[in-house]
1. Can you tell me which residue is farthest from the ligand (Cβ to nearest atom) among those in segment 104-122 that are under 13 Å from the mean Cα position of the chain (by Cα) and outside any loop (DSSP other than H, G, I, E, B)?
2. When residues of segment 1-25 are filtered for being in a loop (DSSP other than H, G, I, E, B), at pLDDT 95 or above and open to solvent by 60 Å² or more (accessible area, probe 1.4 Å), how many remain?
3. Go through (1) over 24 Å from I201 (Cβ atoms); (2) surrounded by fewer than 17 Cβ atoms within 10 Å (Cβ to Cβ) one by one and return the number of the condition E105 breaks.
4. Of all residues in segment 132-149, count the ones that are within 14 Å of the chain's Cα centre (by Cα) and charged (D, E, K, R).
5. In segment 147-176, which residues are β-branched (V, I, T) and either open to solvent by 30 Å² or more (accessible area, probe 1.4 Å) or over 17 Å from I101 (Cα atoms) (or both)?
6. Provide a single number: the residues in segment 47-58 that are part of a loop (DSSP other than H, G, I, E, B) and either over 19 Å from L85 (Cβ atoms) or away from the ligand (no atom under 15 Å from the Cβ) (or both).
7. So how many residues does segment 62-100 have that are within 15 Å of the ligand (Cβ to nearest atom) and part of a loop (DSSP other than H, G, I, E, B)?
8. Quick check on E167: is it within 14 Å of the ligand (Cβ to nearest atom), more than 30 Å from K79 (Cβ to Cβ) and more than 16 Å from the chain's Cα centre (by Cα)?
Amino acid sequence: MPERSIGAARLRVGVLASGRGSNLRALVVATRASGVRADVVVVVSDRADADALAYARVEGIPAVHLDPRQHPTREAHDKALIGVLDEHRVGLVCLAGYMRILTPELVRHFAGRLLNVHPALLPAFPGLHAQRQALDHGVRVTGATVHFVDEGVDTGPIVLQAAVPVEPGDTEERLAARILAEEHRIYPEAVRLFAEGRLAIHGRTVRIAPGAPAPPAKETP
Ligand code: GRF
């Protein structure tokens, strides 16, 4: 039996993604390789051709395409989405490049267990094209944010952030690539903290409880 099924129950994570799926990949790799007590148990996309779905299938993770055209309203679509996520008994939902605005019903259903990653230091540059917004504004530093999702767009309580300096002559693509590397680092870290029960939301603030102290270093003979 693999080591990761032993001990405390593992967090069941559902990932919503519309495209490339590099953050999905970072989450899957981190949960499989390291001490993160979590597993990505389902990937859902609104796009049949999302690379995220193809990756999930290759990795043997249930991959579900929910076609928005098959539901008359956003509410009906998100009701179906809640059904899929509940069916897979997810304890945490991670948005990873999911391009649809969630209904308040879905946000409320997963309140306190719904995370997103955004390519800017929120509350600066919410919404689309955050990297281009940062370049257009002329900031010296931008970055990545993992936050809990509330009913606004990129407005929920912040879990982790990483700063990325803007370099002279940066293009949107170059800046986005450096930010993405930070996303891939802090998103799995946020999931690890959540899985360890160390995140608590107090109003706008997320408190991170300290982890167990590291075991004493072994004396070398
Ligand atoms: C990332 O930049 C993320 O911050 C934003 O959408 C992009 C998704 O990229 N929300 P990927 O599909 O995870 O590669």
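1. Selected residue: L114.
2. Of the residues in that region, 1 qualify.
3. That leaves (1) as the condition not met.
4. 0
5. Those that are β-branched (V, I, T) and either open to solvent by 30 Å² or more (accessible area, probe 1.4 Å) or over 17 Å from I101 (Cα atoms) (or both): V153, T155, I158, V159, V164, V166, T171.
6. Residues meeting the conditions: 2.
7. Number satisfying all stated conditions: 5.
8. Spelling it out, it is not the case that E167 is within 14 Å of the ligand (Cβ to nearest atom), more than 30 Å from K79 (Cβ to Cβ) and more than 16 Å from the chain's Cα centre (by Cα).
The values are calculated or read from the model by the stated rules, or taken from the named source; none is laboratory data. Not measured: the values here are computed from a predicted model. Glycine gets a Cβ as well: all are built from the backbone with ideal geometry, and neighbour counts include every protein chain shown. These area figures cover heavy atoms from the full protein model, side chains too; ligands, DNA and RNA do not enter into them. Shrake-Rupley method; radii C 1.70, N 1.55, O 1.52, S 1.80 Å.
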